[in-house]
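Here is the structure we will look at.
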Amino acid sequence: MTEMSDIIFKQVRDPRVHAVTITSVKVTDDLRNAKIFFVELGKDDCSPEIKAGLAKATSFIRRELGKRLQLRCVPDIMFVHDQSFGYGNRIDQLLADIAKEEKEND
């Protein structure tokens, strides 16, 4: 996860992907496939520009990852928007609304 974030922020020149935070990486047992979960900073949803930027940079990221990790087989990368942060923000908002209502009723 650290290497992936470093590659995206320091080596990918596409400004669209610099607003991305890597939240998790899931690799299959045979190291053939990797799902990279990400969120866009400050947003619950992911814009199409971010998805397009990540799709365009995938081969470059995979190549750089292979150089750094020195794996025999570099996994195929699939970027997936992590929706758990949006759910968390929604729950926080609901809890804040409940607390506000309780203060008003007291």
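Whether any residue in region 52-60 is of a type in the set (S, T, N, Q), part of a loop (DSSP other than H, G, I, E, B) and over 13 Å from the mean Cα position of the chain (by Cα) is what I want to check.
Among the residues of region 52-60, not one is of a type in the set (S, T, N, Q), part of a loop (DSSP other than H, G, I, E, B) and over 13 Å from the mean Cα position of the chain (by Cα), which makes the answer no.
Go through region 1-33 and give me each residue that's closer than 22 Å to Ser84 by Cβ, in contact with an Asp or Glu (Cβ under 9 Å, 6 or more places away or on another chain) and not aliphatic (A, V, I, L, M).
Answer for region 1-33, where residues must be closer than 22 Å to Ser84 by Cβ, in contact with an Asp or Glu (Cβ under 9 Å, 6 or more places away or on another chain) and not aliphatic (A, V, I, L, M): Thr21, Thr23, Ser24, Asn33.
Note down all Cβ pairs under 6 Å where the first residue falls in region 1-22 and is more than 14 Å from Arg62 (Cβ to Cβ), the second is of a type in the set (Ser, Thr, Tyr) and part of a helix (DSSP H, G or I), and they're at least six residues apart or on different chains.
Ile22/Ser5
Within region 74-88, which residues are surrounded by fewer than 15 Cβ atoms within 10 Å (Cβ to Cβ) and farther than 12 Å from Cys46 by Cα?
Once the filter is applied, which keeps residues that are surrounded by fewer than 15 Cβ atoms within 10 Å (Cβ to Cβ) and farther than 12 Å from Cys46 by Cα, region 74-88 yields Asp76, Met78, Ser84, Tyr87, Gly88.
Could you please find all residues in region 72-100 being farther than 23 Å from Val20 by Cβ and touching a residue at least 40 places away in the same chain (Cβ under 8 Å)?
The one that is farther than 23 Å from Val20 by Cβ and touching a residue at least 40 places away in the same chain (Cβ under 8 Å): Cys73.
Tell me the residue from Lys43, Lys67, Lys26 that is of a type in the set (Lys, Arg), exposed (fewer than 15 other Cβ atoms within 10 Å of the Cβ), without any contact (Cβ under 8 Å) to a residue 60 or more places away in the chain and in a strand (DSSP E or B), please.
Lys26
Looking at (1) within 24 Å of Pro15 (Cβ to Cβ); (2) among the acidic types (Asp, Glu); (3) at pLDDT below 90, which is the one condition that is false for Glu64?
It is condition (3) that Glu64 fails.
From the residues in region 1-11 that are within 15 Å of the chain's Cα centre (by Cα) and not hydroxyl-bearing (Ser, Thr, Tyr), which one is surrounded by the most Cβ atoms within 10 Å (Cβ to Cβ)?
Filtering region 1-11 for residues that are within 15 Å of the chain's Cα centre (by Cα) and not hydroxyl-bearing (Ser, Thr, Tyr), the one surrounded by the most Cβ atoms within 10 Å (Cβ to Cβ) comes out as Ile8.
Need the failing condition index for Asp82 against (1) acidic (Asp, Glu); (2) at pLDDT below 85; (3) in contact with a Phe, Trp or Tyr (Cβ under 7 Å, 6 or more places away or on another chain), just the number.
Result: Asp82 passes all but (2).
Considering only region 22-40, state which residues are touching a helix residue (DSSP H, G or I) at 6+ places or on another chain (Cβ under 8 Å) and either among the β-branched types (Val, Ile, Thr) or over 19 Å from Ala55 (Cβ atoms) (or both).
Ile22, Thr23, Val25, Ile36, Val39
Out of Ala19, Ala34, Ala57, which single residue is touching a Pro at 6+ places or on another chain (Cβ under 6 Å), surrounded by 14 or more Cβ atoms within 10 Å (Cβ to Cβ) and not aromatic (Phe, Trp, Tyr)?
None of the others qualify; the one that does is Ala34.
The values are calculated or read from the model by the stated rules, or taken from the named source; none is laboratory data. Note that the structure is a prediction, hence the values are computed from the model and not measured. Every residue, glycine as well, gets a Cβ built from its backbone with ideal geometry; the counts of neighbours run over all protein chains shown.
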